[in-house]
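The values are calculated or read from the model by the stated rules, or taken from the named source; none is laboratory data. This is a predicted model, so every value here is computed, not measured. No Cβ is skipped: glycine too gets one built from the backbone with ideal geometry, and neighbour counts run over all protein chains shown. Areas reflect the complete protein model, heavy atoms only, side chains present, ligands, DNA and RNA absent. Shrake-Rupley method; radii C 1.70, N 1.55, O 1.52, S 1.80 Å.
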Amino acid sequence: ASDVYKRQVLVVDDQEINRDALGVILEDHYDVLYAENGKQALDICREYSGDISIMMLDLIMPEMNGFEVLKTIREDEQLRNIPVIVLTAEKSAELEALQLGAADFIAKPFLDMDEVILARVSRIIELSEGRQLISAAEHDPLTGLYSRNFFFEYVNRIYTYHPELHMDAVVMNIEQFHIVNALHGHDFGDVVLRVIGEEIRAFLRETEGIASRNEADRFDIYCVHQDDYGALLKRFQKTVAEISPNINIHLRMGVKYWQENLEPTLMFDRAHAACNKVRGDYQNPLMIYNEAMQEKELLKQKLLNDLRSAIEQRQFKVFYQPKYDIQSNPPQLSSCEALIRWQHPELGMIPPGNFIPLFERNGLINIVDNYVWAEAARQIAEWRDKYGVTVPVSVNLSRSDVFDPTLVDRLVKLVAENNLEPKQFKLEVTESAYTDNAQRLLD
């Protein structure tokens, strides 16, 4: 060990000669602390909380023996990470000590055992520190629940090795948690997260399962099927309400029931989708994932996957809804509006309400917009050349288009390529396009 930092070893033995013998062996490599009995040892452990790397513990002592010390350490969250090497001349005590959590066993007396003792102490410290590093990465320090990566590692093990357990996937979120933090401070937000974590751990002590804090305000629970998830959500909601009687904090929950041969990651994807379905619904904050939702999710994914080929194969059809000037008599055609439909080879004609919002949410709407713009500009030119009449066409301009730095160049190019006047190509600005940055839109 470095001279700058020596790990601390606590030697616990009621015989001074044994303490001295171990001190001689260890003191060149470690800082050695001494205790004469179990009670004194526990007091020292608590005083040097977190700094003791290993305890060397005699079993037969007055006031509090080694077995009692091992039991206390095992039940004390502050002390349970201290590894213990048991010291005794009683070979029969070895099994009981190991069952109580001892990491190793050294028989008395310590004659000619210097190298063996040093090797065992070094090995146990190394193993313990490695285990503690893994444990620190395993758990979210705020809630004590598993971290996301370790959670899914253990979930997959349960799924693989215990197929007889019918486990459900549960996702729970805190509504508008960023606003809770903004209004009441991150310290209060941490209290909310910690209390939820404690209540989830209490629930898991009553049933089989594990849980994680997946994201800032998302909790994932993998548990044996429950008959009433509404009652479980109310339990968690009640716990939050008790710490914030004057602050409205709302939880929402999505559940995917166990399904044979469905992997956990897919189960949690579906539970998450169900949880998002009830975002903002304070009257019905629980959603159980069902077949109808599954069909809808599969349809959405298919539409997303098929977008590129739909553009390439010109499956999108642009229709033109006429606009009339009704102040003239008779009313005269003044312009028209470009409307899009998707003629899908498998699904038939798909109305825009089924795919436009989906593409907006996924940042793909500009692909569709570009297609419509090009078709509309071409159509204006075709009517002009074929009929000698110019009919202006209105096209939609969405939020993502406004924030595209190439927008103006692309519009100017379209107008120029089709020999149009700018006034013949009209932009209809959707509401979402100007709510975030009105000035940029005006510019």
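Taking the range 378-429 as the range and being of a type in the set (Ser, Thr, Tyr) and in contact with a helix residue (DSSP H, G or I) (Cβ under 7 Å, 6 or more places away or on another chain) as the test, the residues that pass are Thr390, Ser398, Ser400.
Residues in the range 350-398 that are in a loop (DSSP other than H, G, I, E, B) and within 40 Å of the chain's Cα centre (by Cα) were compared, and the one that is nearest to Pro422 (Cα to Cα) is Ser398. Which condition number does Glu138 fail, the rest of (1) surrounded by 15 or more Cβ atoms within 10 Å (Cβ to Cβ); (2) touching a helix residue (DSSP H, G or I) at 6+ places or on another chain (Cβ under 6 Å); (3) of a type in the set (Asp, Glu); (4) touching a residue at least 24 places away in the same chain (Cβ under 8 Å) being met? That leaves (4) as the condition not met. Being in contact (Cβ under 8 Å) with a residue 12 or more places away in the chain, out of contact with any Asp or Glu (no Cβ under 6 Å at 6 or more places or on another chain), open to solvent by less than 20 Å² (accessible area, probe 1.4 Å) and not aromatic (Phe, Trp, Tyr) is the requirement here; does Asp220 meet it? Yes; evaluated as a whole, the condition is true for this residue. Number of residues in the range 90-114 that are free of Cβ contacts under 8 Å to residues at least 12 places away in the same chain and in contact with an Asp or Glu (Cβ under 8 Å, 6 or more places away or on another chain): the value is 0.
Yes/no per residue for (1) modelled with pLDDT of 90 or more; (2) hydrophobic (A, V, I, L, M, F, W, C); (3) in a loop (DSSP other than H, G, I, E, B):
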position	(1), (2), (3)
Tyr34	yes, no, no
Lys39	yes, no, no
Cys45	no, yes, no
Gly50	no, no, yes
Ile54	yes, yes, no
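Name the pairs whose Cβ atoms lie under 8 Å apart, with the first residue in the range 353-382 and surrounded by fewer than 19 Cβ atoms within 10 Å (Cβ to Cβ) and charged (D, E, K, R), the second at pLDDT below 95 and assigned to a helix (DSSP H, G or I), and 6 or more positions between them or separate chains? Going by the 8 Å Cβ cut-off, the qualifying pairs are Glu360/Arg399; Glu360/Ser400; Glu360/Ser432. Among the residues in the range 325-336, are any at pLDDT below 95 and over 27 Å from Val393 (Cα atoms)? The answer is no; no qualifying residue exists. Of all residues in the range 311-352, those satisfying the criterion of being among the hydrophobic types (A, V, I, L, M, F, W, C), over 28 Å from Leu299 (Cβ atoms) and surrounded by fewer than 17 Cβ atoms within 10 Å (Cβ to Cβ) are Ile326, Leu333.
Tell me whether the range 47-66 contains one or more residues that are in contact with a helix residue (DSSP H, G or I) (Cβ under 9 Å, 6 or more places away or on another chain) and of a type in the set (Gly, Ala, Ser). Scanning the range 47-66 turns up at least one residue that is in contact with a helix residue (DSSP H, G or I) (Cβ under 9 Å, 6 or more places away or on another chain) and of a type in the set (Gly, Ala, Ser).
Only residues that are at pLDDT 90 or above and over 30 Å from Glu164 (Cα atoms): list them for the range 187-222, please. If the condition is that a residue be at pLDDT 90 or above and over 30 Å from Glu164 (Cα atoms), then Asp187, Phe188, Gly189, Asp190, Val191, Val192, Leu193, Arg194, Val195, Asp217 are the ones that fit.
Among the residues of the range 142-157, those that are closer than 30 Å to Glu260 by Cβ and open to solvent by 30 Å² or more (accessible area, probe 1.4 Å) comprise Tyr146, Arg148, Asn149, Phe150, Glu153, Tyr154, Asn156, Arg157. Whether a residue is at pLDDT below 90 and either surrounded by fewer than 18 Cβ atoms within 10 Å (Cβ to Cβ) or among the aliphatic types (A, V, I, L, M) (or both) was assessed, and Glu431 passes this test. For the range 172-182, the count of residues that are among the aliphatic types (A, V, I, L, M) and open to solvent by 80 Å² or more (accessible area, probe 1.4 Å) is nonzero. Considering every residue within the range 314-326, establish whether at least one is without any contact (Cβ under 8 Å) to a residue 40 or more places away in the chain, touching a His at 6+ places or on another chain (Cβ under 7 Å) and not in a helix (DSSP H, G or I). The answer is yes; a qualifying residue exists. Taken over the range 391-417, the residue count meeting the criterion of being of a type in the set (A, V, I, L, M, F, W, C), surrounded by 18 or more Cβ atoms within 10 Å (Cβ to Cβ) and under 12 Å from Asn370 (Cβ atoms) is 4.
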